[in-house]
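The values are calculated or read from the model by the stated rules, or taken from the named source; none is laboratory data. Keep in mind it's a predicted model, so treat the numbers as computed, not measured. As a convention, Cβ positions derive from the backbone with ideal geometry for all residues, glycine included, and neighbour counts pool all protein chains shown. Side chains included, ligands, DNA and RNA excluded: accessible areas come from the protein's heavy atoms. Shrake-Rupley method; radii C 1.70, N 1.55, O 1.52, S 1.80 Å.
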Amino acid sequence: MVRKIINILIVIAVIGLLVWKLAANKEEIDQIATRSLLVNPTVPVQVEQVGVQGISSDIHVDGRIQATNEVVLYSKVQGIVLNKYKKAGDYVNKGTVIAQVENSVVKESLSFARMNLANAETDVERYKKLAEAGAVTQREYEAILITCRETQRAVTELQDQLNNTTLVSPINGILETDYFEEGTLLSIGSQVADFVDPSQLKAVVNITEKDVYQVQKGDKAILTTDILPGQEFAGVVDVIGSKGNSLLNYQLEIKLTGSDASTLKAGMYVSAQIATRETATSTKIMVNRKAIIESLKNPEVYVVRDNKAYKQKITIGKVLDNYITVNSGLKEGDIVVVAGQINLVNGRAVDIKN
């Protein structure tokens, strides 16, 4: 019991020591802050005046280049790959043979089925004459007809299997990826290869639910990419998604129309400027992006009034390079801090160093 009381007293003493230490640290920090204010009563900052600018109704979005025609080839037969004629990266035409799967068993089955078909067709002719002479019943003749048709179906199916043991390209384009080598055992439905037609490209972008009503099929677009600075690529809006995703964005497909579109490659990131049919420009208050002290989701700025900086919440619209449109919170002529915010607190005096 005595030991338990001693342990409790030790814990209380440790907690008391920690509380005393924290209080001492806080007092020291407050003293440092007070001395800082005395030594540096103002904070040097750079400022910029909020202005008004005409904003085009064009929509700016980012997306990715994709091939319009991308095809996956699946195996329709089971068997071992005997020969591989093409590999990933090769250009192929539609119908080009890329591999051969073993087919000896299928060939033998097809040959046997064809013989059965020939016999069945002979029986049909014979039974037809016998039926006309009354030597066999109509039911017997119909049974022979059914047998012949089943044999014909077996021949057709085996011929299809034999054809499918030769793997061919379904389109003109690049054999992008292959999933087999000589000796690979393919199963029915297994993925064999991916093909991409690089001659037909599109840009796939996402636009907001607000912008989707401003875009129409056929609207012209200009695409740019950081990979090819200074170059522009023409396109038109080809597909407008009818269902938004979880972020309330709608998928848009822009078909590339320029002769230089082949310069781009599937997978590249691009920026698209879509010229909507509403050609009018609107006037918006603009603020330098450097003035934002929080994230764009919770934007705030420091506004300078009477040589003091005051924190101001704002709501923003479009982001246009280094400037952002402001929907509320600022007015034309306001002075905002664009450098030096790190040392500011609300109501702190500032020394403008522009």
(request) Heavy atoms only, probe 1.4 angstrom, no DNA, RNA or ligands counted: give me Ile146, Ile222, Ile207, Ile285 ranked by accessible area, highest first. (result) Ile146, Ile222, Ile285, Ile207
(message) Could you put Phe112, Phe233 in order of accessible surface area, largest first, with the 1.4 Å probe and the full protein assembly present?
(response) Phe112, Phe233
(request) With Rg and Dmax of the Cα atoms in Å in mind, check (1) 38.2, 127; (2) 26.3, 96; (3) 20.5, 65 and report the label derived from this structure. (result) (1)
(message) Tell me the volume per residue, in Å³, of the convex hull enclosing the alpha carbons of region 271-346.
(response) 104
(message) Taking 2.2 N^0.38 Å as the expected size of a compact globular protein, what ratio does the Cα radius of gyration of region 146-232 give against it, to two decimals?
(response) 1.93
(message) Keeping all protein chains in the complex and leaving out DNA, RNA and ligands, what accessible area do you get for Thr122 with a 1.4 Å probe, in Å² to the nearest 10?
(response) 90
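From the alpha carbon gyration tensor of region 67-109, can you work out the equivalent ellipsoid semi-axes (sqrt of 5 times each eigenvalue) and give them in Å, largest to smallest?
25, 12, 9
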(request) May I ask for the angle, rounded to the nearest 10°, between helix 104-133 and the longest principal axis of the chain, with both axes built from Cα atoms and the value confined to 0 to 90°? (result) 50
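So what is the relative contact order for the chain, in percent, with contacts set as C-alpha pairs under 8 Å and at least six apart?
Once normalised by length, the contact order is 26 percent.
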(message) Compute the angle between helix 2-39 and the longest alpha-carbon principal axis of the chain, please, reported from 0 to 90 degrees and rounded to the nearest 10.
(response) 70
(message) If I ignore ligands, DNA and RNA and count only protein heavy atoms, how much of Glu102 is accessible to a 1.4 Å probe, in Å² to the nearest 10?
(response) 80
(message) Over 10 Å intervals from 0, what percent of Cα-Cα pairs in region 254-314 sits in each interval?
(response) 14, 26, 22, 24, 11, 4
(message) Let me check something: with ligands and nucleic acids excluded, how do Lys128, Lys353 order by accessible area (1.4 Å probe), largest to smallest?
(response) Lys353, Lys128
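In square nanometres and to one decimal, what's the mean projected area of the convex hull around the Cα atoms of region 66-162? All intermediate terms of the calculation are to be shown ahead of the outcome.
Values: hull surface 38.2 nm².
Seen from a random direction, the Cα hull of region 66-162 projects 9.5 nm² on average.
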(message) I want to check the label-to-label distance for Ser242 and Arg114. Put each point 7 Å from Cα in the C-beta direction and report it in nm to one decimal.
(response) 4.9
